[in-house]
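Quick notes on the structure that follows.
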Amino acid sequence: MHGLRESGWRGDERLVRLGMCASAVKYDWLAPLMLARADEARQPAYGGRGEAPVERRYRERGLGFAFLAGWAAEARELAPLLGFPPAPTGR
């Protein structure tokens, strides 16, 4: 926010937070890919260099998904407050 304010932007700070939280959607491809590859013997480490222990890889990705799910939930709450249509429920 400091940089935005310094550059002259005077918008609602919640818009910035919405943008950050909504960026979680860019990882929607990762969970299906991981599930599709879960039974592969070789589990590449981040960046494809070497291998990662399966337990650690999935534990750490699970924590990452939980973090991103929190951001996604926050974005769903913020969007209507800022005049955007509510997100689809999927139901």
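The values are calculated or read from the model by the stated rules, or taken from the named source; none is laboratory data. Given the structure is predicted, the values throughout are model-derived calculations rather than measurements. Positions of Cβ are backbone-derived with ideal geometry, glycine not excepted, and every protein chain shown enters the neighbour counts. The protein model used for the area step is the full one, side chains on, heavy atoms only, and it has no ligands, DNA or RNA in it. Shrake-Rupley method; radii C 1.70, N 1.55, O 1.52, S 1.80 Å.
For the reader, a short list of remarks on this structure follows.
- With only the Cα atoms considered, the chain has a convex hull volume of 131 Å³ per residue.
- About the centre of its Cα atoms, segment 14-53 shows a dipole size close to 300 debye [charges on the beta carbon of Lys, Arg (+1) and Asp, Glu (-1) only; nearest 20 debye].
- Remark: the chain carries 77 Å² of accessible area per residue (probe radius 1.4 Å; ligands, DNA and RNA excluded).
- Apportionment of accessible area to carbon and sulfur, the chain, percent (1.4 Å): 60 percent
- Mean ellipticity per residue at 222 nm, deg cm²/dmol - from DSSP H runs of n ≥ 4 across the chain, formula -39500 (n - 2.57): -17500 deg cm²/dmol
- Selection of chymotrypsin sites (Phe, Trp or Tyr not before Pro), segment 1-80, meeting DSSP coil and at most 14 other Cβ within 10 Å: Trp9, Trp29
- Lys/Arg +1, Asp/Glu -1 at C-beta; segment 1-71 dipole; positive extreme among Ala52, Met20, Met34: Met20
- For segment 1-77, the list of GluC sites (Glu not before Pro) that fall in a loop by DSSP and count at most 15 other C-beta atoms within 10 angstrom reads Glu40.
- Among the trypsin sites (Lys or Arg not before Pro) within segment 10-62, those in coil by DSSP and having at most 14 neighbouring Cβ atoms inside 10 Å are Arg10, Arg42, Arg49.
- Basic side chains Lys and Arg get +1 at the Cβ, acidic Asp and Glu get -1 at the Cβ, and with that the dipole of the chain about its Cα centre reaches some 60 debye.
- Extension gain from Leu63 to Leu4, taking 0.36 nm per residue of separation minus the Cα-Cα distance: 18.2 nm
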